[in-house]
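Trainee: Structure in C-alpha cells, see below.
The values are calculated or read from the model by the stated rules, or taken from the named source; none is laboratory data. Just so it is clear, the structure is predicted and the values come from calculations on it, not from any experiment. Here the Cβ positions follow ideal geometry from the backbone for every residue, glycine too, while neighbour counts run over all protein chains shown. The area values use the complete protein model at the heavy-atom level, side chains included, leaving out ligands, DNA and RNA. Shrake-Rupley method; radii C 1.70, N 1.55, O 1.52, S 1.80 Å.
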Amino acid sequence: MGGLKGRRALITGGGRGIGRAVALDLARAGAAVAVAARTAAEVESVAAEARRLGADAAAVVADVARPEAVKEMFRAAREAIGPIDILVCGAGVAPSAPVVKTTEEQWRAALETNLSGSFY
C-alpha cells in the first residue's frame, strides 16, 4: 500500500488477526487509523503500535453487533482522527459448536456481527 498520507481509516475487528494486520499496514502507508474491537487492551496495543510507526492512531472499544455502539464508534473515531475516508469491516464471530448444536443466540450473534455490524 502506498500514498495514504492524509487519509483516515476505521478498522473494526482491529484488535487481532487480519484486522490488526490491516490497521498496521494502513498506518505504514501513512493513514491515520482508528482501531475498533470489543477488547480494550487489544485495540490500545494496536493503536500504540501504529503510533510507533508514525501514524495518528486511536483505540475505540465497540461491539458492532449493537447499533448504539456502532454510532458511538463512528463518533469517537471522527473525534479522534477526523472524518473517515476508509472503512474496513473486519469484525467477525463464529459459533464454536457444530451447526446442529448451534444455539439460536449463537446464530443471531454471528449474524448481527458478521452481516449487520458497522452498517447501522
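Trainee: Determine the pairs where a residue that is closer than 15 Å to residue 43 by Cβ, located within region 62-84, has a partner that is part of a helix (DSSP H, G or I) and not aliphatic (A, V, I, L, M) with Cβ atoms under 7 Å apart, the partner being 6 or more residues away or on another chain.
Mentor: 62/72; 64/113
Trainee: So in region 101-120, with the set limited to residues that are open to solvent by 100 Å² or more (accessible area, probe 1.4 Å) and either at pLDDT 80 or above or more than 21 Å from the chain's Cα centre (by Cα) (or both), which one is farthest from residue 71 (Cα to Cα)? Lay out the reasoning, then the answer.
Mentor: So in region 101-120, the residues open to solvent by 100 Å² or more (accessible area, probe 1.4 Å) come out as 101, 104-105, 107-108, 115, 119.
Restricting the remaining residues to those that are either at pLDDT 80 or above or more than 21 Å from the chain's Cα centre (by Cα) (or both) gives 101, 104-105, 107-108.
Numbers: 101: 33, 104: 26, 105: 23, 107: 23, 108: 20 Å.
Here the answer is 101.
Trainee: Can I ask one more? Take residue 61 and decide whether it is of a type in the set (A, V, I, L, M, F, W, C) and closer than 22 Å to residue 26 by Cα. Explain how you work it out, then say what you get.
Mentor: Working: of a type in the set (A, V, I, L, M, F, W, C): yes; closer than 22 Å to residue 26 by Cα: yes.
Criteria met by residue 61.
Trainee: Name the pairs: first residue in region 45-61 and in contact (Cβ under 8 Å) with a residue 24 or more places away in the chain, second residue of a type in the set (A, V, I, L, M, F, W, C) and open to solvent by 50 Å² or more (accessible area, probe 1.4 Å), Cβ to Cβ under 7 Å, at least 6 apart or on different chains?
Mentor: 58/80
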